[in-house]
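We did not get these values from a lab; they are worked out from the coordinates using the rules stated. In this text the structure is predicted, and so the values were computed from the model without any measurement. Here Cβ is always computed from backbone atoms with ideal geometry, including for glycine, and neighbour counts include all displayed protein chains.
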Amino acid sequence: MNKTTKAVLFSVLGVLLTAGLIVVSLGIDLGWFQRTPDETEPPEITPDDPDDGYDLGRGLRILRFGSYAGMFVEDGSDEIVSGLVAVTVRNTGDESVQLARFTVRDADGEMYSFELTTLLPGEKVMVLEKDRKSYKGSTESFSAELTAYAAFAEEPTLCPEVLELTGKDNAVTVKNISGKPVSGGYVYYKNKQGETLIGGITYRVSFGALQPGASVTVPTSHFSEKNSVLVFAAYAEQ
């Protein structure tokens, strides 16, 4: 990818962020997601094969539908909640999902809304109901509909030929290893528990101009060395 292409990609990502296609947290760090004693494990939808689930289309499948207690991560507030509706979704397709919005309607006709961002092939994520609706326990049957979808125009990358990225404690360090000046950029990350990403939200940290060989360590509100994963980066060359 040449210099012009990188600059255009960086500009496009900025537009998408402004449009809200990737949720950026502005909240204060209240600590990492923790299960609480009253949390109910969401029931399996398909007892035989957990990779089957409910087909949303575009390679997305709902694996679980049930309740959640813990931090509400979707808006960055990290408020403690209990009994919210949550679903676990796996990307079984071949393309990385930039944005997916979908609704789930339970057996009683209640509708729940969800939004997820940055889900690479093979990954699964637990997404919380964005309007904080309570779980009613009607999981014996439900329907779901994908209402919006956008794949990445190009597969997301950590730009390893240009940036050396490391996460330690609650900070992300960015080093320019390209040999050319970089005018700035973003590093995107998600939180997880075990193999499951937590929340449809994708967080980001920004960094400024870096000369060749220079590095900067940026403190973050939600990054945890143990429970976070860097998912992609974007930069612009000078």
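The protection proxy used here, the mean number of other Cβ atoms lying within 10 Å of each residue, ranks peptides 71-79, 104-112 as follows, highest first: 71-79, 104-112.
Note on residue 95 and residue 226: the model spin-label points, each 7 Å out from Cα along the C-beta direction, lie 3.8 nm apart. Here the stretch 206-238 is scanned for amide nitrogen atoms under 11 Å from the site 7 Å beyond the Cα of residue 173 along Cα-to-Cβ, giving 215-218. Kirkwood hydrodynamic radius computed over the stretch 100-143 comes to 11.6 Å, based on all pairs of distinct alpha carbons. Size descriptors for the stretch 166-238: radius of gyration and Dmax over Cα atoms are 12.8, 39 Å.
With R₀ fixed at 22 Å, the C-beta to C-beta distance from residue 133 to residue 107 puts the FRET efficiency at about 0.90.
Find how many whole Å separate the alpha carbon centroid of the stretch 140-167 from the alpha carbon centroid of the stretch 183-238. Centre-to-centre distance over Cα atoms comes out at 14 Å.
By the compact-protein rule of thumb, 2.2 N^0.38 Å, the alpha-carbon radius of gyration of the stretch 103-238 corresponds to a ratio of 1.30. Sequentially through the stretch 202-212, phi angles give Karplus couplings (6.51, -1.76, 1.60; θ = phi - 60°) of 10, 8, 8, 10, 10, 9, x, 4, 10, 6, x Hz, Gly and Pro residues having no value and appearing as x.
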